[in-house]
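Below is one structure, written out as structure tokens; the observations come after it.
The values are calculated or read from the model by the stated rules, or taken from the named source; none is laboratory data. Just so it is clear, the model here is predicted, and its values are computed rather than measured. So basically every Cβ, Gly included, is an ideal-geometry build from the backbone, and we count neighbours across all protein chains shown. Note: accessible area is taken over every heavy atom of the protein model, side chains too, but ligands, DNA and RNA are not part of it. Shrake-Rupley method; radii C 1.70, N 1.55, O 1.52, S 1.80 Å.
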Amino acid sequence: MKVLLINGSPHGAGCTYTALEEVARALHEDGVETELIQIGTGAVHGCIGCGHCKSAGCCVFTDDQVNEAAAKLREADGLVVGSPVYYASPNGSILAFLDRLFMSGGGFRLKPAAAIASARRAGTTATVDAINKYFSLSGMPIISSNYFHVIHGNTPDEAKQDEEGMQTMRTIGHNMAWLLKCIEAGRGAGVSEPVAEGKIKTNFIR
């Protein structure tokens, strides 16, 4: 089993990374592999609604990691997305990344997922809520913890001092590992996945 972690922060070893590493550590303890994708400081193009992905199966923009992440997520068993908080919401890079990942991707249904947010002080729960919407719209079970999925600190060392936040991250990892094993056990016992109905789209403009 393998979980893909996406770090939406431009800082490769900052507070968001510190939180994701704690999630990964718990997953490793439970025998689950992880892989981290770092968005970095490069520009991330936003979705332009061109529809190319519907026919080609991939995003029209190939100058960043979105198509690579989509392929890796299709092979992975779960997903964790982390974002720093700048203006009480996910940062622009991760939103642009996720817009295109979930618009152009596919095959993510029923993969457990979790969102985490890192901030000096406020805006964390709104950030987690925004990221969770990508998961819920894609039919991905959302992993819970023992508190809001947030960690506080202005530096990685400060984040590590947030003992409740670090415990929250560990609990996310352990809970995800448990659910992944339950899914695997269910498949082994012959429990079939729910059949997805064809999507019905209602247009309220008459």
Residues in region 83-115 reached by a label modelled at V195 [backbone nitrogen below 14 Å; 7 Å Cα→Cβ]: none
Could I have the simple spin-label model distance between A13 and E158, label points 7 Å from Cα toward Cβ, reported in nm to one decimal? 1.9
Setting aside same-chain residues fewer than 8 positions from K72, which lysines have a Cα under 24 Å from its Cα? K2, K54, K111, K133, K181
Across 5 Å bins from 0, what is the distribution of all Cα-Cα pair distances for region 5-88, in whole percents? 3, 13, 20, 21, 19, 13, 8, 3, 0
Ratio to report: Rg/Rh of region 46-162, with Cα atoms as the point set and Rh obtained by the Kirkwood method; give two decimals. 1.00
Would you mind listing how long the chain runs along its three principal axes, going by Cα atoms, in whole Å with the largest first? 52, 44, 34
Relative contact order for the chain, counting Cα pairs under 8 Å that sit 6 or more residues apart, in percent: 24
What part of the accessible area of region 110-174, given as a whole %, is carbon or sulfur when the probe is 1.4 angstrom? 48
